[in-house]
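Below is one structure, written out as structure tokens; comments come after it.
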Amino acid sequence: MSAFKTLDDVDVKGKRVLVRVDLNVPMADGKVTDTTRIDRVVPTLTELSDKGAKVILMAHFGRPKGAVVPEMSLKPVAEATAAILSRPVAFAGNCIGEEAATAVATLADGDLLMLENARFHKGEEANDPEFAKALAANGDIYVNDAFSVSHRAHASSEGLAHLLPAYAGRSMEAELRALDAALGNPQRPVLAVVGGAKVSTKLDLLENLVGKVDRLVIGGGMANTFLAAMGKPVGKSLCEHDLGDTARRILEAAKAAGCEVILPKDVVVAKEFKAGADARCIPLDAVADDDMILDVGTDSLGSLAVHMEDTKTVVWNGPLGAFEIPPFDNGTVTAARQVAMLTKAGRLTSVAGGGDTLAALNQAGASDDFSYISTAGGAFLEWLEGKELPGVKALSAS
Ligand code: ADP
Ligand code: MG
């Protein structure tokens with residue numbers, strides 16, 4: 001892991017600290033409906049405030065595309081944040097210029113202030129140096145606590161790190177450490193579970209993982225593409241038949257890198273993908289022309305369980321089956337519970353991420369026992385693809 005500084009490395013008392021947070025929370029009728037993203041940054045905000053910093057929050061909301069869109073104001077989010085922190089959070093109607101400067105000037109040590117949506121200015125997403133300078137004018141120190149926006153080189157997520165002394169916030173720090181323990185510098189053997197709908201959306205991810213992990217379990221719809229490429233019947237399953245060469249190339253790359261690829265040995269099929277459909281577990285060669293493969297089978301789960309027994313690290317993205325409709329959630333739920341159980345027993349480290357993956361792990365009641373669950377979405381996937389995230393890189397360079 002490249003070195004980055006944390007809140008342990010700086011004395012923030014009396015300093016104006018610009019903190020980039022991800023507060024792009026779901027809202028309905030002007031009220032925050034899910035506070036997960038706010039909860040995540042509470043430790044950083046309370047710590048800074050307790051240490052006597054003037055805490056200035058920067059964030060974005062929605063996609064106003066460089067224009068002032070009143071419905072995308074962060075004001076209601078500032079109120080929700082104040083409620084969660086049980087401390088006042090002041091609000092400035094512009095993130096730069098007079099209005100911001102005046103609001104910052106009135107802050108006492110320990111006070112909090114939220115600046116209006118940075119994306120109301122074109123310079124934010126363009127990472128315009130002039131805009132970054134205007135933001136920097138209100139701070140002495142920069143703290144990035146938003147891993148989930150760090151795959152974007154925007155002014156508040158990247159540009160600022162070059163203008164002010166830059167530090168990782170506590171949530172950023174936790175995410176970077178967890179990810180490092182999963183792929184950067186993991187205990188081996190490392191087993192990756194990759195599932196989901198399509199190979200085409202996860203090509204870069206598969207190519208990166210075969211070079212890094214010891215075992216790659218492929219499930220979900222994307223396994224069908226691999227099975228078809230190996231000459232197995234897949235009936236009318238979701239399958240990218242035109243990606244046969246790609247699938248074979250990935251299998252070759254895995255072999256060359258010494259990564260064992262684990263594909264389903266048996267599958268659960270139905271004639272239709274709907275609740276109450278007649279689901280059958282059958283061997284691979286028995287898949288009929290009008291069958292849809294919707295989950296991995298019992299033997300596959302047994303084999304996966306054996307592999308898990310002597311695995312030290314698990315990285316997971318993508319459900320093993322069409323988990324939205326039972327019983328096709330069985331593979332994902334069974335495997336998730338085993339990973340959770342082994343993690344809880346201290347036998348392995350587990351990291352998971354991805355929108356549908358999180359929904360599936362919650363459905364399995366397994367999320368709480370994983371070592372780390374990333375809610376970073378796109379940033380998590382880019383990290384799985386082996387890409388350097390600009391916001392993280394800028395922190396390390398600072
Ligand atoms: P994530 O959001 O965690 O990255 P994806 O979006 O890649 O995951 O994949 C999730 C989707 O994959 C789910 O909608 C699920 O129904 C679908 N899926 C998984 N297995 C199958 C399958 N065998 N056939 C069709 N769809 C599947
Ligand atoms: Mg998804």
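Assorted remarks:
So that you can scan it fast, the table gives a plain yes or no per residue for (1) within 13 Å of ligand 1 (Cβ to nearest atom); (2) within 26 Å of the chain's Cα centre (by Cα):
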{"residue": "VAL296", "(1), (2)": "yes, yes"}
{"residue": "VAL306", "(1), (2)": "no, no"}
{"residue": "THR311", "(1), (2)": "no, yes"}
{"residue": "ALA322", "(1), (2)": "yes, yes"}
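- ALA394 vs. criteria away from ligand 1 (no atom under 16 Å from the Cβ) and either crowded, with 18+ Cβ neighbours inside 10 Å or assigned by TED's automatic domain parsing to the domain that holds VAL21 (or both): yes
- Residue within segment 330-344 that is within 12 Å of ligand 1 (Cβ to nearest atom) and among the hydroxyl-bearing types (Ser, Thr, Tyr) present: yes
- Selection status of LYS5, under 25 Å from the mean Cα position of the chain (by Cα), surrounded by fewer than 17 Cβ atoms within 10 Å (Cβ to Cβ) and either closer than 22 Å to ALA155 by Cβ or not assigned by TED's automatic domain parsing to the domain that holds GLU130 (or both): yes
- Residues of segment 337-358 that turn out to be in contact (Cβ under 8 Å) with a residue 24 or more places away in the chain and within 16 Å of ligand 2 (Cβ to nearest atom), as a count: 5
- Filtered residue count, segment 139-150, keeping only those that are buried (at least 24 other Cβ atoms within 10 Å of the Cβ) and assigned to a loop (DSSP other than H, G, I, E, B): 3
- Only residues that are surrounded by fewer than 17 Cβ atoms within 10 Å (Cβ to Cβ) and within 16 Å of ligand 2 (Cβ to nearest atom) were counted across segment 359-370, and they come to 2.
- ALA360, sole failed condition from (1) aliphatic (A, V, I, L, M); (2) over 22 Å from ASP299 (Cβ atoms); (3) within 15 Å of ligand 1 (Cβ to nearest atom): (2)
- Among the residues making up segment 114-142, those that are within 27 Å of the chain's Cα centre (by Cα), of a type outside the set (Ser, Thr, Tyr) and under 23 Å from LYS13 (Cβ atoms) are MET114, LEU115, LEU135, ILE141.
To keep it simple, each residue is scored yes or no on (1) surrounded by fewer than 24 Cβ atoms within 10 Å (Cβ to Cβ); (2) within 20 Å of the chain's Cα centre (by Cα).
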residue: LEU205; (1), (2): yes, yes
residue: GLY211; (1), (2): yes, no
residue: ILE218; (1), (2): no, yes
residue: ASN224; (1), (2): no, no
residue: LEU227; (1), (2): yes, no
residue: LYS232; (1), (2): yes, no
residue: GLY235; (1), (2): yes, no
residue: LEU238; (1), (2): yes, no
residue: ASP245; (1), (2): yes, no
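- All strands (runs of 3 or more DSSP E) inside segment 240-358 with 3 or more residues being modelled with pLDDT under 95: none
Residue-by-condition table, conditions (1) away from ligand 1 (no atom under 15 Å from the Cβ); (2) buried (at least 17 other Cβ atoms within 10 Å of the Cβ); (3) free of Cβ contacts under 8 Å to residues at least 40 places away in the same chain; (4) not polar (S, T, N, Q):
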| residue | (1), (2), (3), (4) |
| --- | --- |
| GLY169 | yes, yes, no, yes |
| MET172 | yes, yes, no, yes |
| GLU175 | yes, yes, no, yes |
| ALA178 | yes, yes, no, yes |
| LEU183 | yes, yes, no, yes |
| GLN187 | yes, no, no, no |
| LEU191 | yes, yes, no, yes |
| VAL199 | no, yes, no, yes |
| LYS202 | no, yes, no, yes |
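- Any hit, segment 231-244, residues being out of contact with any strand residue (DSSP E or B) (no Cβ under 8 Å at 6 or more places or on another chain) and within 11 Å of ligand 1 (Cβ to nearest atom): yes
- Segment 267-286 - residue that is within 18 Å of ILE218 (Cα to Cα) and within 13 Å of ligand 1 (Cβ to nearest atom) and, of those, surrounded by the most Cβ atoms within 10 Å (Cβ to Cβ): VAL267
The values are calculated or read from the model by the stated rules, or taken from the named source; none is laboratory data. Just so it is clear, the model here is predicted, and its values are computed rather than measured. Cβ coordinates were reconstructed from backbone atoms using ideal geometry, including for glycine residues, and neighbour counts include every protein chain displayed.
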